[in-house]
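Below is one structure, written out as structure tokens; comments come after it.
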Amino acid sequence: MAARDVAGGRAFLAGVLDRPGAGRSRWRALALYGEGLLAYWQGEIGVSRARNEEALAIAEEHADDEALALAHVGLSRVLLEEGDHERAREHALAARRFAARLGTLMGQAPLHMEAQVARASATSVSCRCRATPTAG
């Protein structure tokens, strides 16, 4: 990802995810999150949602804090893009809870998503207020 070779990253992850006999492991959940992120960067929001939903389901099966934090971040990102601010916020908060167990650095992405949701929600409210006529 450092080289931003999104297509190459997706091709690599497809090989990992499509391997015969690949079980529902922690590693699969992390790869699904990565594929979801790359799909998001390519504007494939539906694919990103599906990958992050599967990542979350697997992470829940394993009670894996890191995979749970990342899957919740991914879903927050997708839901924000789709305009579902309330659910995006719920996932951002869940991501922060799991990330808090892992150390300060893991908390950055969830905190960023929470801030982005707050900003988008405030902008949305501001636009609605300007569009609503007042009695005068």
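Every number in this text was worked out from the coordinates using simple rules, so none of it is lab data. Here the structure is a predicted model, which means the values were calculated and not measured. Neighbour counts run over all protein chains shown; Cβ positions are idealised from the backbone, glycine included.
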Listed residues Leu13, Leu30; which is surrounded by fewer than 23 Cβ atoms within 10 Å (Cβ to Cβ), in contact with a Gly (Cβ under 7 Å, 6 or more places away or on another chain) and part of a helix (DSSP H, G or I)?
Leu13
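Can you pull out every residue in segment 35-54 that is assigned to a helix (DSSP H, G or I) and either in contact (Cβ under 8 Å) with a residue 60 or more places away in the chain or more than 10 Å from the chain's Cα centre (by Cα) (or both)?
Filtering segment 35-54 down to residues assigned to a helix (DSSP H, G or I) leaves 35-41, 45-54.
Across segment 35-54, the qualifying residues are Glu35, Leu38, Ala39, Trp41, Ile45, Gly46, Val47, Ala50, Glu54.
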In segment 37-46, is there at least one residue being closer than 20 Å to Leu105 by Cβ and out of contact with any Leu (no Cβ under 7 Å at 6 or more places or on another chain)?
yes
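Inspect segment 63-79 for any residue being more than 23 Å from His112 (Cβ to Cβ), in a helix (DSSP H, G or I) and more than 14 Å from the chain's Cα centre (by Cα) and give the result as yes or no. Spell out how you get there, then give the answer.
Within segment 63-79, the first condition is being more than 23 Å from His112 (Cβ to Cβ), and the residues that meet it are 63.
Subset that is in a helix (DSSP H, G or I): none.
Looking for residues that are more than 23 Å from His112 (Cβ to Cβ), in a helix (DSSP H, G or I) and more than 14 Å from the chain's Cα centre (by Cα), one finds none in segment 63-79, hence no.
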